[in-house]
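Since the structure comes first, as structure tokens, the remarks are kept for the end.
The values are calculated or read from the model by the stated rules, or taken from the named source; none is laboratory data. What you are looking at is a predicted structure, and each value in this text was computed from that prediction instead of being measured. No Cβ is skipped: glycine too gets one built from the backbone with ideal geometry, and neighbour counts run over all protein chains shown.
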Amino acid sequence: MPTLWFCLVAFMLAIYVLLDGFDLGVGIVHLGVAHTDAERRAVIGSIAPVWDGNEVWLIVAGGTLFFAFPVLYASSFSGFYLPLMMVLWLLILRGISVEFRSHIAGGVWPPFWDLTFCLSSALLAIFFGAALGNVVRGVPLDAQGYFFEPLWTNFRFGADAGILDWYTILIGLAAYLALAMHGALWVAYKCEAEAAERARRIARLSFWAVLVMTLLVTLISLQIQPQILLNLSAHPWGFVFPAIVIASLAGIFYYLRGASTPAKARRAFVHSCGYLLGMLTSVAFGLYPYVLPARAGPALSLSIYNSRTSDHALRLGLAWWIVGMILAAVYFIFLYRRFSGPVRTGETHSYD
């Protein structure tokens with residue numbers, strides 16, 4: 001049961017990254033791909049019906065984490081209190097920038113909300129990446145399972161490192177580039193004409209940066225977190241997850257070549273989803289059975305065994321989880337089918 005719930009939490013976090021990831025990516029590339037008000041309305045229109053629904057997966061993952069691994073929830077939400085508050089405010093700013101742009105008229109307001117949308121999306125991508133870097137690197141857990149880290153110290157990796165050091169910033173930059181590519185491919189698929197072509201150019205440039213960063217963070221992470229190599233040595237089938245990453249990058253490269261068509265844009269975006277899924281599952285596989293490693297070593301680390309709730313509660317919760325996920329899946333399939341097709345330039349909420 002602990003292993004099953006570890007996989008379920010990882011699954012929901014992955015779904016959040018795939019869905020809200022292109023929302024964040026659209027915000028990151030928003031000012032670069034849309035040069036007129038009509039194009040910006042179309043770019044925002046490509047995510048307008050789904051962005052708030054996509055964020056529900058973050059809430060669901062947090063709630064499931066609280067249910068299945070309450071010790072991890074208590075430790076991480078107290079130790080990361082300041083960055084979590086910053087993420088909350090960035091989520092609020094991103095949400096109101098999407099909504100207020102269509103409701104507050106005036107010469108200064110649309111550019112202000114566009115800039116807010118872009119900056120909040122970029123910072124969220126970096127913050128989420130830095131959070132993942134902290135989990136891979138480990139935190140200074142004590143014997144009671146709690147920790148405190150300042151936001152930064154000297155930006156060096158070591159016992160006195162803060163939440164932000166060179167490694168977590170590197171992971172944050174990698175997340176920023178990956179979500180920028182993800183969002184650009186979404187715009188290339190959903191939008192028309194010049195905006196779609198600019199998005200393809202940004203996606204091509206982002207691809208090479210993502211390729212380099214993938215190699216770099218993989219090599220460094222293998223040195224920083226020895227559990228990854230231990231798991232790969234003990235379970236060679238785990239190489240299937242890096243293989244997904246490689247195959248997805250190859251697919252993105254293939255479909256970004258030559259002239260653009262809606263079918264090629266859609267397939268490139270699907271392969272971008274595969275890349276993110278492969279990276280996240282590789283991290284989950286590499287850390288298992290730990291959910292929050294301690295810098296001092298495995299003895300103080302939080303694992304799926306010492307942070308979980310009772311087996312009875314996990315079995316009971318599984319039945320409700322299955323029902324809830326079926327309802328959520330039906331809703332999201334309906335939503336994305338209902339709003340499929342390209343967005344017409346200048347019509348924020350209009351779809352074919």
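Values as computed for the structure displayed
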quantity	calculated
Residues (within 17 Å of A68 (Cα to Cα), touching a residue at least 12 places away in the same chain (Cβ under 8 Å) and not in a helix (DSSP H, G or I)) located in the range 302-340	L302, S303, I304, Y305, N306, S307, R308, T309
Qualifying positions in the range 291-343 - β-branched (V, I, T) and either touching a His at 6+ places or on another chain (Cβ under 6 Å) or over 21 Å from L4 (Cβ atoms) (or both)	V330, I333, V343
Cβ-Cβ under 6 Å pairs, at least 6 apart or on other chains, the range 105-125 side of a type outside the set (A, V, I, L, M), far side outside any helix (DSSP H, G or I) and modelled with pLDDT under 90	P110/R101; W113/R101
Among the candidates A10, A14, A34, residue that is surrounded by 21 or more Cβ atoms within 10 Å (Cβ to Cβ), of a type in the set (A, V, I, L, M) and modelled with pLDDT of 90 or more	A14
Among the residues listed as F66, F22, the single one being among the hydrophobic types (A, V, I, L, M, F, W, C) and surrounded by 15 or more Cβ atoms within 10 Å (Cβ to Cβ)	F22
Residues of the range 111-140 satisfying the condition of being part of a loop (DSSP other than H, G, I, E, B) and buried (at least 22 other Cβ atoms within 10 Å of the Cβ)	G138
Selection within the range 250-269 - part of a helix (DSSP H, G or I) and either touching a helix residue (DSSP H, G or I) at 6+ places or on another chain (Cβ under 6 Å) or acidic (D, E) (or both)	G251, I252, Y255, L256, K264, A265, R266, R267, A268, F269
Among the residues listed as F148, F157, the single one being surrounded by fewer than 20 Cβ atoms within 10 Å (Cβ to Cβ) and closer than 23 Å to A284 by Cα	F157
Qualifying residue in the range 55-63 (condition: part of a helix (DSSP H, G or I), among the aromatic types (F, W, Y) and under 25 Å from A294 (Cα atoms))	no
Which numbered condition P298 fails, given (1) touching a helix residue (DSSP H, G or I) at 6+ places or on another chain (Cβ under 9 Å); (2) modelled with pLDDT under 90; (3) over 22 Å from A131 (Cβ atoms)	(3)
Out of L230, L256, L219, sole residue that is over 11 Å from G278 (Cβ atoms) and in contact with a Lys or Arg (Cβ under 7 Å, 6 or more places away or on another chain)	L256
Count - residues of the range 270-301 that are closer than 30 Å to H182 by Cα and in a loop (DSSP other than H, G, I, E, B)	3
Hits in the range 225-268 (condition: free of Cβ contacts under 8 Å to residues at least 24 places away in the same chain and touching a Phe, Trp or Tyr at 6+ places or on another chain (Cβ under 6 Å))	K264, R267
Filter pass, L292 being over 30 Å from A48 (Cβ atoms) and either out of contact with any strand residue (DSSP E or B) (no Cβ under 6 Å at 6 or more places or on another chain) or buried (at least 19 other Cβ atoms within 10 Å of the Cβ) (or both)	yes
So R94, is it out of contact with any Leu (no Cβ under 8 Å at 6 or more places or on another chain), basic (K, R) and either in a helix (DSSP H, G or I) or touching a residue at least 60 places away in the same chain (Cβ under 8 Å) (or both)	no
Residue in the range 69-87 that is farthest from A130 (Cα to Cα), counting only those that are assigned to a helix (DSSP H, G or I) and touching a strand residue (DSSP E or B) at 6+ places or on another chain (Cβ under 8 Å)	V71
Scan of the range 1-50 for residues that are of a type in the set (V, I, T) and either without any contact (Cβ under 8 Å) to a residue 24 or more places away in the chain or not in a helix (DSSP H, G or I) (or both), ordered by number	T36, I47, V50
Qualifying residue in the range 312-332 (condition: closer than 23 Å to V210 by Cα and out of contact with any Cys (no Cβ under 9 Å at 6 or more places or on another chain))	no
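To keep it simple, each residue is scored yes or no on (1) over 30 Å from R308 (Cα atoms); (2) modelled with pLDDT under 85; (3) in contact with a His (Cβ under 7 Å, 6 or more places away or on another chain); (4) assigned to a helix (DSSP H, G or I).
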residue	(1), (2), (3), (4)
P150	no, yes, no, no
D160	no, yes, no, no
I171	no, no, no, yes
A174	yes, no, no, yes
L177	yes, no, no, yes
H182	yes, no, no, yes
V187	yes, no, no, yes
A195	yes, no, no, yes
